[in-house]
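Trainee: Before we start, here is the structure in question, set down as C-alpha cells.
The values are calculated or read from the model by the stated rules, or taken from the named source; none is laboratory data. Just so you know, these numbers come straight off a predicted model, no measurement behind them. With ideal geometry, Cβ positions are generated from the backbone for all residues, glycine too; neighbour counts draw on all protein chains shown.
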Amino acid sequence: MATEAATGGLNEYITHHLTHHVISVGSGFNLDSWLVSLLLGLVFVIWFGLKARKATAGVPSKGQAFVEIIVEFVDGQVKDTFHGDRRSVTPLALTIFMWIVFMNAMDLLPLDLPGWLVHTTAGAETAHHTYWRLVPTADLNTTLGISVSVFFILLGHAISAKGGFGFGKELLTAPFHAHGPAAIALAPVNLFMNIVEWLVKPVSLAMRLFGNMYGGELVFMLIAGMLASSVTLVPGIIANAAWAIFHILIVLLQAFIFMILTVVYIAGAREGH
Amino acid sequence: MNINLTFFGQMISFGILVWFTMKFIWPPLNAAIESRQKTIADGLAAAERARQELKDADSRVADEIRKAREEATQIVERANQQYNQIVDKAKADAVAEGARQKAIAQAEIDSLSHQAREVLRQQVAALAVSGAEKILKREIDQARHRDLLDALAKEI
C-alpha cells in the first residue's frame, strides 16, 4: 500500500506484497491464491464451455474461431509429441495451458490494485489487515498442486500402458539391464534411479513455473519502489513498461513449457525403456 | 511460500477443471472442428471433380466444333464442285447452242448468198447478153448462140 510504503520503505512494501492472505484452517490456507486461481479457472471453463456448447461445424463465429485456434494449437502440439489416444491428453494440456496463462497474466495487473480496491471499498483499517497476492502461480502451493496432479496422471498412464506388474518390473530393471545375480544386485540401484527420475518431474515442473513467476513479481515490486521517488519516476515507468512487455513472453512461454513437458512426460510414461 | 492446505485445494480445483474440459469443452469443439475439416475436404474434392468434368466437357466441345468445321468445309467443297459443274455445263450448253445458232445462221447465209449469187449471175448474164446484143446487134442470133451465152453466164 502506498501509505505503508511511505512509512515502512521498500523493504516493508515488498514484504507486505509477498505475504499471502492466510486463513487458519489446518496448516493454513492461502485464500488469495486459491480464490484467484479458482475464479480464473471458472472464467476459462465458462468461456470455452459456452463456445463449445454453441460450436457449429459450419462457418464459425469470430469467438468460436478464436477458441478453436487455441484448441487446435494445443492439439497440434500434443499430436506432434504424443502418438496415441489424445481424448484425455489434449483436454489436460488445454486446461494446463489456459489456466496457467490466465494465472500468470495476473502479474500484468497493477501490484497495488487489490490493496487499493480493499482500501477504497472497506476502508484503511481493513486494508491494513488484508494481504492479497494476485499471482497464484507465484505460490508454490499452486504450481506443486498442478505438478503433483500431473505426477499421478503420469503414474496412471504408465500403469495403464504397461500394467502394474510391467511397470514395477521396469522400475527394478531399467536403466541398467543385467541377467542372473547381477540383476538382483542392480535392482536397488535401478529403483533409486527411477524414483529420482519420477520425483524430479513434478518438482522441476513446479519449481520452474514458481521461480519464473515469483521472480517476475519481485522485479515488478522493485520497479514499483523506483516509482516512489520523483528522481527515478521516469526511468521507473520505462522499466515497468519494458518488464511488463517482456513478461508477456514469459507468461505465455512458461504456460507453454508446463503444458508441453506434461505431454512429453505422458508420452515417456507410456513407452517402455 | 509454505506448503499448506492450499496445495490440496489447488489439486482439487485443477482436477475439476480438467474433468470439465474433458467432458464439456473438448468433445463438442473437436467434433465441430473435425466435421468442418471433413466438409472442407469434401468441398475441395467436389471442386476438383467439377474442374475435371469441366475440362472433359471443354475438350468434348472443342471436338464437336472441330468436327462441325470439317463438315462445313466438306459441304462448301461439294457445293463448289457442284457450282463448277453447273457453270461448266452451262458454258458447254451455251457454246453448243451458239454453235448451233451459228450453223443455222451460216446455213441461211449460205443459202441466201447462193440465191443472191444465182440471181446476180442471171442478171449479169442477162446484162452481158444485152450488152453484147447492143455491141453486136445483128451479128448474134439468139437461137444459134444460146449455148455459148449460157456458158458465158456460168463463167461469170
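Trainee: Kindly provide the set of residues from the range A:33-80 that are within 14 Å of B:SER13 (Cα to Cα) and either touching a Ser or Thr at 6+ places or on another chain (Cβ under 7 Å) or among the acidic types (Asp, Glu) (or both), ordered by number.
Mentor: A:SER33, A:TRP34, A:SER37, A:LEU38, A:GLY41, A:VAL45
Trainee: Right, something else. Taking into account only those residues within the range B:15-62 that are under 17 Å from A:VAL59 (Cβ atoms) and of a type in the set (D, E, K, R), which is surrounded by the most Cβ atoms within 10 Å (Cβ to Cβ)?
Mentor: B:ARG36
Trainee: Determine whether A:VAL150 is modelled with pLDDT of 80 or more and closer than 23 Å to B:ILE3 by Cβ.
Mentor: Numbers: modelled with pLDDT of 80 or more: yes; closer than 23 Å to B:ILE3 by Cβ: yes.
Yes; evaluated as a whole, the condition is true for this residue.
Trainee: Consider the range A:190-213. How many of its residues are in contact with a Leu (Cβ under 9 Å, 6 or more places away or on another chain) and closer than 15 Å to A:LEU108 by Cβ?
Mentor: Counting residues in the range A:190-213 that are in contact with a Leu (Cβ under 9 Å, 6 or more places away or on another chain) and closer than 15 Å to A:LEU108 by Cβ gives 1.
Trainee: Give the residues of the range B:22-55 that are hydrophobic (A, V, I, L, M, F, W, C) and away from every other protein chain (no Cβ under 12 Å), sorted by residue number. Working first, answer last.
Mentor: Within the range B:22-55, the subset hydrophobic (A, V, I, L, M, F, W, C) is B:22, B:24-26, B:29, B:31-33, B:40-41, B:44-47, B:50, B:54.
The answer is B:ALA41, B:LEU44, B:ALA45, B:ALA46, B:ALA47, B:ALA50, B:LEU54.
Trainee: Suppose the filter is away from chain A (no Cβ under 14 Å), charged (D, E, K, R) and surrounded by 10 or more Cβ atoms within 10 Å (Cβ to Cβ); does B:GLU77 pass it?
Mentor: Values: away from chain A (no Cβ under 14 Å): yes; charged (D, E, K, R): yes; surrounded by 10 or more Cβ atoms within 10 Å (Cβ to Cβ): yes.
So B:GLU77 fits the description; yes.
Trainee: State which residue pairs qualify: first residue more than 8 Å from chain B (Cβ to nearest Cβ) and inside the range A:30-47, second residue assigned to a helix (DSSP H, G or I) in any location, beta carbons under 6 Å apart, and separation of 6 or more residues or different chains.
Mentor: Qualifying pairs under 6 Å: A:VAL36/A:PRO136; A:LEU40/A:PHE102; A:LEU40/A:MET103.
Trainee: So, in the range B:84-128, exactly how many residues are at pLDDT below 90 and among the polar types (S, T, N, Q)?
Mentor: Residues in the range B:84-128 being at pLDDT below 90 and among the polar types (S, T, N, Q): 3 in total.
Trainee: Next question. For the range A:68-96, give me the residue count where each residue is closer than 15 Å to A:GLY49 by Cβ and facing another protein chain (nearest Cβ under 7 Å). Let's see the steps before the verdict.
Mentor: From the range A:68-96, those closer than 15 Å to A:GLY49 by Cβ are A:68, A:70-71, A:91, A:94-95; that's our starting set.
Checking the rest, the ones that are also facing another protein chain (nearest Cβ under 7 Å) come to A:68, A:71, A:91, A:94-95.
Residues in the range A:68-96 being closer than 15 Å to A:GLY49 by Cβ and facing another protein chain (nearest Cβ under 7 Å): 5 in total.
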